[in-house]
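Worksheet: the structure to be examined is printed underneath.
The values are calculated or read from the model by the stated rules, or taken from the named source; none is laboratory data. Since the structure is predicted, the reported quantities are computational estimates derived from the model, not experimental observations. All Cβ positions, glycine included, derive from the backbone under ideal geometry; neighbour counts span all protein chains shown. The protein model used for the area step is the full one, side chains on, heavy atoms only, and it has no ligands, DNA or RNA in it. Shrake-Rupley method; radii C 1.70, N 1.55, O 1.52, S 1.80 Å.
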Amino acid sequence: MSDSSFAREWLTGKLVPLVLWSLLLAFQIRALANSSAAMARAGLRDDLALEVARHTLTLAFLLLVLAAYVTRLRAVSHAQGFRERVLPMLVFMAGPAGIIVLGWLDLAPRFQTPRIAVALSVAGLALSLWALWHLRSSFSILAEARTVVRSGPYKFIRHPLYLGEALTMLGLCLLQGTVSALCLWAAVNLFQVVRARIEEEKLAREFPDYQAYRRQTRFILPGVY
């Protein structure tokens, strides 16, 4: 690999994601501190408690992804081009960034399902933690090939982390209680499916046994093709 290629890979594959993720972490830490301070002043109110829960869940998810990202293995095959490099990064950032923007807009809630929302977010985080524990050093944001993971939830579905992220984000969107939040959730997950297909193409090219693994498992939902 040439010096220019190495520098470009390091910039787009490590520095830029870490900088962006650090900014998101800083924002969530500040938001959580502000919400907690507001609840301490006003007392235990449902709206403030839900706000603290939302920021706590989002922060936990960001830390979970960061821990896996910084401990991963060196890629067998690196991401190339827009489909493998740029698109996955855009999809990866769209969910957290969209939640933050919708929070800034402070749109009036159209519906309220706090218990369901928190339950979905907790379930999503639990599944994400389980998936990341087994994925660990094979974790990647871009479409890169490291190894084929078959343990834990990967015995049953090929993208349990995306399912966990979808449940977590759905809970956060339901906490906001707006149609715009649900539209954001639907759009992000549509592109997550595209991202997952791109990753599978990459793994199938690099690992001959991946096709057999695909035949033995489901895509994202257990029991659903």
Taking segment 62-136 as the region of interest, what is the percent of Cα-Cα pairs per 5 angstrom bin, listed from the shortest bin to the one with the maximum distance?
3, 11, 13, 21, 21, 14, 9, 6, 3, 0
Only one of the listed values, (i) 22; (ii) 32; (iii) 26, was derived from the coordinates as percent of Cα pairs over 32 Å apart; which label is it?
(i)
Keeping every protein chain in place, order Leu142, Leu73 by accessible area at 1.4 Å, biggest value first, i.e. largest first.
Leu73, Leu142
For Ala204, the net charge from surrounding residues (Cβ-Cβ under 12 Å; K, R +1; D, E -1) works out to +1
Just read off the accessible area of Trp21 with the full protein assembly in place, 1.4 Å probe, to the nearest 10 Å².
10 Å²
Would you check the accessible area of Lys155, probe 1.4 Å, heavy atoms only, in square angstrom rounded to 10?
120 Å²
Once amide H atoms are placed 1.01 Å from N in the peptide plane, what residues at a sequence separation of 5 or more from Ile157, or on another chain, have their amide H within under 5 Å of its amide H?
Arg218
Share of Cα-Cα pairs in segment 68-112 beyond 14 Å, in percent?
70 percent
Net lengthening on full extension, Leu90/Phe156 (0.36 nm per residue, minus Cα-Cα)
21.0 nm
According to a simple spin-label model (label point 7 Å from Cα along Cα-to-Cβ), what is the distance in nm between Leu18 and Thr147?
2.3 nm
Going through the DSSP H helices of the chain, which span 30 Å or more along their own axis at the Cα atoms while scoring at least 0.0 as a mean Kyte-Doolittle hydropathy?
16-42, 46-70, 114-135, 179-206
So, in nm, how far is label Ala126 from label Ala37 when the simple model puts each one 7 Å beyond its Cα toward the Cβ?
3.4 nm
Grab the Cα-Cα distance for Ala212 and Asp106, subtract it from 0.36 nm times how many residues apart they are, and report the gain in nm with one decimal.
33.4 nm
Over the Cα atoms of segment 92-209, Rg to Rh with Kirkwood Rh, two decimal places?
1.03
Can you give me the distance in nm between label points at Ala60 and Glu201, each placed 7 Å from the Cα along the Cα-to-Cβ direction?
3.6 nm
Quick one: which residues, 5+ away or cross-chain, put their amide H under 5 Å from the amide H of Ser77? H built at 1.01 Å from N.
Ala145
Sum of -39500 (n - 2.57) over DSSP H runs of 4+, divided by residues of the chain (222 nm, nearest 500)
-23500 deg cm²/dmol
